[in-house]
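Working notes, beginning with the structure itself.
The values are calculated or read from the model by the stated rules, or taken from the named source; none is laboratory data. All values derive from a computational prediction rather than experimental measurement. All Cβ positions, even for glycine, are placed from backbone atoms using ideal geometry, and neighbour counts span all protein chains on display. The protein model used for the area step is the full one, side chains on, heavy atoms only, and it has no ligands, DNA or RNA in it. Shrake-Rupley method; radii C 1.70, N 1.55, O 1.52, S 1.80 Å.
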Amino acid sequence: DVQLQASGGGVVQAGGSLRLSCAASGFRSNNYAIAWFRQAPGKGREGITCISKLDGGTAYADSMKGRFTVSSDNAKNTVYLRIDSLKPEDTAAYFCAADNSQPGCLFHGVSADKYPYWGQGTLVTVSS
């Protein structure tokens, strides 16, 4: 079965940086895309970014460009999300999601309904 495990969250001071990890297993090839989403208390789910495991292509939500960077370590089957200049407003549960029906981020973007597989999420708390 496909499994996604997000990790790396914790309590961080505002202005700092954090790198989250998403470990993927169960895929039979690199023909899939990984995306990051977040959900803050009292708010809806927000798309952050997508990366294609096949070709390395990426996509970002307009509101997430600049402080968020997605990357992939194919040797570990792991995708990372780096968050710079953390703000208290970044406090949220961060989720990784995947789809293996299409590999490209041009297809998926950061639309949650295009990702059938979801990890449990990791909590990021940014203090003032």
(message) For a quick check of your reading of the model, give me the residue pairs whose first member lies in segment 62-84 and is within 14 Å of Val124 (Cα to Cα), whose second is open to solvent by 60 Å² or more (accessible area, probe 1.4 Å), with beta-carbon atoms closer than 6 Å and at least 6 apart or on different chains.
(response) Arg82/Arg19; Asp84/Ser17
(request) Mind counting the residues in segment 67-104 that are out of contact with any Asp or Glu (no Cβ under 8 Å at 6 or more places or on another chain), outside any strand (DSSP E or B) and open to solvent by 20 Å² or more (accessible area, probe 1.4 Å)? (result) 13
(request) Could you list, in sequence order, all residues of segment 106-120 that are modelled with pLDDT of 90 or more and part of a helix (DSSP H, G or I)? (result) Ala112, Asp113, Lys114
